[in-house]
Amino acid sequence: MPELTDDTGQAAGQATGQSNGQSGGQAGGQAGRRQTVQAGTWMTPAEYGASRAALWTGAVVLVTDPDGRVLVQTVDYRPDRLLPGGAVDAGESPSAAAAREVREELGVDGHYPRGLAVDWIPAHTPGFPPEMRFPGEILYVYDGGTWTPDRIGTVRLPAQEITGIDFAEPADLPALMDAGDARRTLSALRARIAGAGPVLLEDGRPIAPTALDRLGVLRTRRTPARGAWHPGPVPAGLPVRHRSGWLFAPDGRVLLLIARATGAAHLPPPNAEPTAGAVPLGYRYADQGAHARTVARLTAVSAHRDPAYARLLATPEQVRELSDWGAAGRAELAAVHAARAQLSLPAPPRVPPTELPREGARW
């Protein structure tokens, strides 16, 4: 709490001899002090405490399954879905509350040291009964990580309150959750993918949006591409239904296209930009044909030709997390890392995906 001061900037309990003149005597100094206090901004501790905003505090945990779907709970006291979590008790830290709530609601012990978002929820938020006198809330979102099927199998619901859980496609959250809860969850999920640390939100909206936020990734359903992964070139006689490329920049990240109209993420066609050293990486079998992947080194990025798409540089892991590739995605990702090493490119750290300038880039 800041020191309580008068309008001269002096501590309220400090002698004011310099202000009132040492020759004026003690009585004159006290009178001057009283006059300064009355005209200034000094407050008693009780007045200062009464002037501060009172807010609720809550904590929730964002959990995904291996396919990138979000764990949401069905509860017996409201129709929309919720993330695991709830109110922070008096004297309890938000991280302790997050762990306690997951244990009470899902029967799963855990520790969640990584924050994804801190959201300010205004007092005028719809949905709170007037008699509740909702003062606003600071809500912490913690990263619960990716739960394997075995861990999901350990979930044990309580006798009341939580009636079920589901793993929802991110784009379906606005239809399942309260609007503010959905905004907050998607913002926190994008923050997890970006990897730059916790984001500050106001009513679920980031105050410093990343490219993923500005482009609205995950606001439409991801297109499933779960065909089995096969390394190497497409066999002769097997029709190729689609071609795309893992095109590497010198820092080890790859080119990613985001449709501005939908926020959908796509790998680019293998000939989308100037490249060198292109080789077949593998393919997926689907639709009675192959979806072929090529790997190559980007030599430049041309001036923007298609305004319908934003061009980003992202890590291979981020590309996978923005896609719905199923279990075969792990095998493809391993092949991508092996190809990157063969190109003598570094393993990129997780940083927020970077949107490339319209005029392109050269290395």
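The values are calculated or read from the model by the stated rules, or taken from the named source; none is laboratory data. The structure presented is a predicted model; accordingly, all values stated were derived computationally and were not measured. Don't worry about glycine lacking a Cβ; one is built from the backbone with ideal geometry, like all the others, and counts go over all protein chains shown. What goes into the accessible areas is simple: the full protein's heavy atoms, side chains included, and nothing from ligands, DNA or RNA. Shrake-Rupley method; radii C 1.70, N 1.55, O 1.52, S 1.80 Å.
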| query | Going by the conditions given, is Arg293 part of a strand (DSSP E or B), open to solvent by 50 Å² or more (accessible area, probe 1.4 Å) and modelled with pLDDT of 95 or more? | reply | no
| task | Consider Thr125 carefully, then state whether it is among the β-branched types (Val, Ile, Thr) and over 15 Å from Gly204 (Cβ atoms). | result | no
| query | Restricting attention to the stretch 138-151, which residues are assigned to a strand (DSSP E or B) and either loosely packed, with under 10 Cβ neighbours inside 10 Å or β-branched (Val, Ile, Thr) (or both)? | reply | Ile138, Val141, Thr146
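Taking the residues in the stretch 277-290 that are under 23 Å from Gln342 (Cβ atoms) and among the hydrophobic types (A, V, I, L, M, F, W, C) as candidates, determine which candidate is surrounded by the fewest Cβ atoms within 10 Å (Cβ to Cβ).
Val279
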| task | Please state which one of Pro126, Pro135, Pro158 is part of a loop (DSSP other than H, G, I, E, B) and without any contact (Cβ under 8 Å) to a residue 40 or more places away in the chain. | result | Pro126
| Long-range neighbours under 6 Å by Cβ, at least six apart or interchain, first residue over 16 Å from Val336 (Cβ atoms) within the stretch 225-237, second exposed (fewer than 12 other Cβ atoms within 10 Å of the Cβ) and at pLDDT 95 or above | Val234/Val240
| request: Answer yes if at least one residue in the stretch 95-106 is of a type outside the set (Lys, Arg), in contact with a helix residue (DSSP H, G or I) (Cβ under 8 Å, 6 or more places away or on another chain) and modelled with pLDDT of 95 or more, and no otherwise. | output: no
| request: Please work out which residue is farthest from Leu312 (Cα to Cα), limiting yourself to the stretch 173-200 and to residues that are surrounded by 22 or more Cβ atoms within 10 Å (Cβ to Cβ) and touching a Gly at 6+ places or on another chain (Cβ under 7 Å). | output: Arg184
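Here's the yes/no breakdown for (1) of a type in the set (Gly, Ala, Ser); (2) out of contact with any Phe, Trp or Tyr (no Cβ under 9 Å at 6 or more places or on another chain); (3) under 13 Å from Gly58 (Cβ atoms); (4) surrounded by 18 or more Cβ atoms within 10 Å (Cβ to Cβ):
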position: Ser93; (1), (2), (3), (4): yes, yes, yes, no
position: Glu105; (1), (2), (3), (4): no, yes, no, yes
position: Asp109; (1), (2), (3), (4): no, yes, no, no
position: Asp119; (1), (2), (3), (4): no, no, yes, yes
| request: Please indicate, with yes or no, whether at least one residue in the stretch 32-40 is at pLDDT 90 or above, surrounded by 11 or more Cβ atoms within 10 Å (Cβ to Cβ) and touching an Asp or Glu at 6+ places or on another chain (Cβ under 8 Å). | output: no
| request: Would you check if Arg311 is out of contact with any Lys or Arg (no Cβ under 7 Å at 6 or more places or on another chain), open to solvent by less than 30 Å² (accessible area, probe 1.4 Å), part of a strand (DSSP E or B) and modelled with pLDDT of 95 or more? | output: yes
